[in-house]
Structures are given as C-alpha cells and as structure tokens.
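Working notes, structure below.
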Amino acid sequence: MADLQRGDEVIAVQDISVGIFSSVPKGTRGVVTDTSGFFTTQYTVSFENGQKAENVDGNAIRAI
C-alpha cells in the first residue's frame, strides 16, 4: 500500500462495496478525491462507473 494523494489515479484491486445495492468491481479506475485517518489512512475515491466510495482502505486500491 502506497501513500496516495488527492488527484492520484487508482484502480480497484478488489470489489469495493459502496452501499446495499451498489459496488465498484475489481479493475475499475478512479481518482482519489480525499484522504483521512490518523493511524490508518482511508480514501474517498470517485470511480469511472459513477460510484463514489468513502473510507476505502489502501489495500483495496493501487496507483496507476
């Protein structure tokens, strides 16, 4: 897991649940829009399929 910054392009390396009825499939590209956390960093990512995922663990995405 690398430290990502706002504006970094990423790809989902696993399926990411966004809500009860929606998800981001593995392989979907996105852009980091925010970072948060103290002991562990969580990311907010806007994906190309129109989904916005909050509190994404860095192990679920990687920089491209």
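The values are calculated or read from the model by the stated rules, or taken from the named source; none is laboratory data. Remember, predicted model here, so these are calculated numbers, not experimental data. Quick reminder, even Gly has a Cβ in these numbers, built from the backbone with ideal geometry, and neighbours come from all protein chains shown.
Numerical summary
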| read-out | value |
| --- | --- |
| Residue match in the stretch 42-50 (condition: exposed (fewer than 11 other Cβ atoms within 10 Å of the Cβ), more than 11 Å from the chain's Cα centre (by Cα), assigned to a loop (DSSP other than H, G, I, E, B) and on the phi < 0 side of the Ramachandran plot) | no |
| Matching residues in the stretch 7-22 - criterion: being within 17 Å of Glu48 (Cβ to Cβ) and either assigned to a loop (DSSP other than H, G, I, E, B) or of a type in the set (A, V, I, L, M, F, W, C) (or both) | Gly7, Asp8, Val10, Ile11, Ala12, Val13, Gln14, Asp15, Ile16, Val18, Ser22 |
| Subset tally (residues that are modelled with pLDDT under 95 and of a type outside the set (Ser, Thr, Tyr)) for the stretch 21-41 | 4 |
| Where Asp15 falls short, out of the listed (1) in contact with a strand residue (DSSP E or B) (Cβ under 6 Å, 6 or more places away or on another chain); (2) charged (D, E, K, R); (3) touching a residue at least 24 places away in the same chain (Cβ under 8 Å) | (3) |
| Test for Thr28: is it surrounded by 15 or more Cβ atoms within 10 Å (Cβ to Cβ) and either of a type in the set (Ser, Thr, Tyr) or in contact with a strand residue (DSSP E or B) (Cβ under 8 Å, 6 or more places away or on another chain) (or both) | yes |
